[in-house]
Amino acid sequence: MNNLNIEDTPLKDLKIITRRNISDDRGFLSRIFCSEELHQAGWHKSIKQINHTYTNNKGTIRGMHFQRSPDCEMKLVNCLKGEVYDVAVDLRIESDTFLQHYAIRLDETLNRSLLIPEGFAHGFQALTNKVELLYLHSHQYSQSSEDGLNPIDPKLDISWPIKDHQISDKDKSRQLIINNFKGI
């Protein structure tokens, strides 16, 4: 019996992973990662880094982050506490969905994760205070490969649910996409 249900999204290779809780009167166990089951979803690499983020304030936008080659990474994003509007943008220049995004609500009760393949930018908006996310990465962080998009770039056309938002100076100062954006 599979503990993880894998669901396609409109963007090729981007997957929704729903975990099945094994519960009794003591509580539950939820499998976040299983290499055999996630292999079916396209995760063919080892986990190189696991990050835990905490976001204080509802409305905060973090992202849209990615790493350039040779340090491109897959991510498995899990919400442990609170609720987020999680967004992935396809940056694969050869893709039919280049610069299109997919958004999903992740929270502590739905048991859903977003499996983000290489070639995507990722970000989220906190929909509650005190949000915690757990990220599994197929590649370690590389400062020299770090990059990002401006999360409020009109070309991305992301409808962030909370209009009164907080964004880091670094993220909001990222250049807007222009017509010759090469993707990754």
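Here, each number is a calculation from the coordinates, and none is a lab measurement. Because the structure is a prediction, the values reported are computed rather than measured. So basically every Cβ, Gly included, is an ideal-geometry build from the backbone, and we count neighbours across all protein chains shown.
Our helix-only sum for the chain, with -39,500 (n - 2.57) per DSSP H run of n ≥ 4 divided by its residues, gives a mean residue ellipticity at 222 nm of -1000 deg cm²/dmol.
Exposure proxy for Thr109, Thr97: other Cβ atoms within 10 Å of each Cβ, ordered fewest to most, give Thr109, Thr97. Provide the net charge surrounding Leu14, with neighbours chosen by a C-beta distance below 12 Å and charges set as Lys +1, Arg +1, Asp -1, Glu -1. It works out to a net charge of -2. Computed from the alpha carbon atoms alone, the convex hull of the chain holds 121 Å³ per residue. Within region 84-146, the GluC sites (Glu not before Pro) that combine a DSSP coil assignment with at most 11 other C-beta atoms in a 10 angstrom radius are Glu94. Derived value for region 85-184: Kirkwood hydrodynamic radius 14.9 Å. Basis is the mean of 1/r over every pair of different alpha-carbon atoms. Counting only Cα atoms, region 1-94 measures 48, 36, 27 Å along its principal axes, largest extent leading.
Using only the alpha carbon atoms of region 145-184, find the Kirkwood hydrodynamic radius as the inverse mean reciprocal pair distance, in angstroms to one decimal. So the Kirkwood estimate lands at 11.4 Å. Fewest-first ordering of Cys79, Cys34, Cys72 by other beta carbons within 10 Å of each residue's beta carbon gives Cys34, Cys72, Cys79.
So, counting K/R as plus one and D/E as minus one, what does the shell of residues with Cβ under 11 Å around Cys72 add up to? Around Cys72, the charge tally is 0. Using a cutoff of 8 angstrom between alpha carbon atoms and counting only pairs six or more residues apart, the relative contact order for the chain works out to 29 percent.
Among residues other than Leu91 whose Cβ falls under 10 Å from its Cβ, what is the net charge (Lys/Arg +1, Asp/Glu -1)? Summing Lys and Arg as +1 and Asp and Glu as -1 gives 0.
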